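K.L.:
Below you will find the structure I want to go over with you.
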């Protein structure tokens, strides 16, 4: 018996040493284009399926038939999921073929609600599936699950229609912090509440200066409780054509080229400033001219720019430093801009603009 135990210990030591030597040698090809052998893949597939089934078994499914819940989920899916999982009528993109294992096309089957919720919330190790629960609450995740139950029955036209009607991404709605005040009564009605909330939260008044058209242009500090616009997941050059459009948009604003700005804005664009979202017509009639006047009088220095492709849409985030004069004093502002762009034929159109500007010096 003693000899058997010794033999077993020696065998274990040899196996451990062999595995260690194999790992240390680096000969194993970890590249995503070097696929697993069929036995290894089958083992990992079984492990994943059994793990998800085990951990999701106690998930309590709410009512998924609420139209508003489904509508919200449509917007979330379009913003976060189509790059990997596609959508009705969406062609393969440049990213998907390089993913291993290949993400499933969610328009081709109806996932179990409990398992879908668990996977979306917790993600899957060693795959491209992130744990969205780290940045999204359960209600938002359930909205995506509700939408997934309807997705397989949608035509491309129906999918585009519901996404167009979906509310803007909650995270981006909450992030806006760029606000303007121009002294007029109508402008105060539209933006005064947001600006006053920002001042109350920070204990600071906004910064105003005389713009080129003579109006007082104000950038209120973002509320202290407000989360900054996040550029998580964005990388320089990830969506180069969309980034080029973003740069053109910024340059057009700086140079006062209204026609160039209008050419880049989609008819259904939403422009969010200080928590208030304007339509294209509202923005063009008011704040576009004021933004142009402000930027023409200021010095803008780009700090960073990154993007994230998502099928027929892309997110482009940028950060800049703005030097300006307000109330006769020089100030430095840190500005973040988040653009959502949609493929329109061979070009890109901006469908969402988010600004957040905070003072860094000169207060």
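K.L.:
Would you be able to say whether some residue in region 299-306 is buried (at least 22 other Cβ atoms within 10 Å of the Cβ), in contact with a strand residue (DSSP E or B) (Cβ under 8 Å, 6 or more places away or on another chain) and in the same structural domain as residue 270 (by TED's automatic domain parsing)?
P.N.:
Within region 299-306, not a single residue is buried (at least 22 other Cβ atoms within 10 Å of the Cβ), in contact with a strand residue (DSSP E or B) (Cβ under 8 Å, 6 or more places away or on another chain) and in the same structural domain as residue 270 (by TED's automatic domain parsing).
K.L.:
If you don't mind, another one. Being modelled with pLDDT of 50 or more and not in a helix (DSSP H, G or I) is the filter; apply it to region 152-180 and report the residue that is farthest from residue 77 (Cα to Cα).
P.N.:
Looking at the filtered set, the residue picked out is 155.
K.L.:
Is one or more of the residues making up region 95-106 closer than 23 Å to residue 164 by Cα and in contact with a strand residue (DSSP E or B) (Cβ under 9 Å, 6 or more places away or on another chain)?
P.N.:
For region 95-106, residues closer than 23 Å to residue 164 by Cα and in contact with a strand residue (DSSP E or B) (Cβ under 9 Å, 6 or more places away or on another chain): absent.
K.L.:
Taking region 102-131 as the region of interest, how many residues are outside any helix (DSSP H, G or I) and closer than 24 Å to residue 154 by Cα?
P.N.:
Counting residues in region 102-131 that are outside any helix (DSSP H, G or I) and closer than 24 Å to residue 154 by Cα gives 12.
K.L.:
For region 19-101, list the helices (runs of 4 or more DSSP H) that sit wholly inside it and hold at least 2 residues that are loosely packed, with under 14 Cβ neighbours inside 10 Å; which are they?
P.N.:
Where helices (runs of 4 or more DSSP H) fall fully within region 19-101 and carry at least 2 residues being loosely packed, with under 14 Cβ neighbours inside 10 Å, they are 38-56, 67-80.
K.L.:
While we're looking at this one, here's another question. Evaluate region 279-302: report whether one residue or more is under 23 Å from the mean Cα position of the chain (by Cα), part of a strand (DSSP E or B) and farther than 29 Å from residue 160 by Cβ.
P.N.:
Yes, that holds for at least one residue.
K.L.:
Being at pLDDT 90 or above, surrounded by fewer than 17 Cβ atoms within 10 Å (Cβ to Cβ) and under 21 Å from residue 356 (Cβ atoms) is the filter here; which residues of region 249-265 pass it?
P.N.:
251
The values are calculated or read from the model by the stated rules, or taken from the named source; none is laboratory data. Since this is a predicted model, take the numbers as computed values, not measurements. Cβ coordinates were reconstructed from backbone atoms using ideal geometry, including for glycine residues, and neighbour counts include every protein chain displayed.
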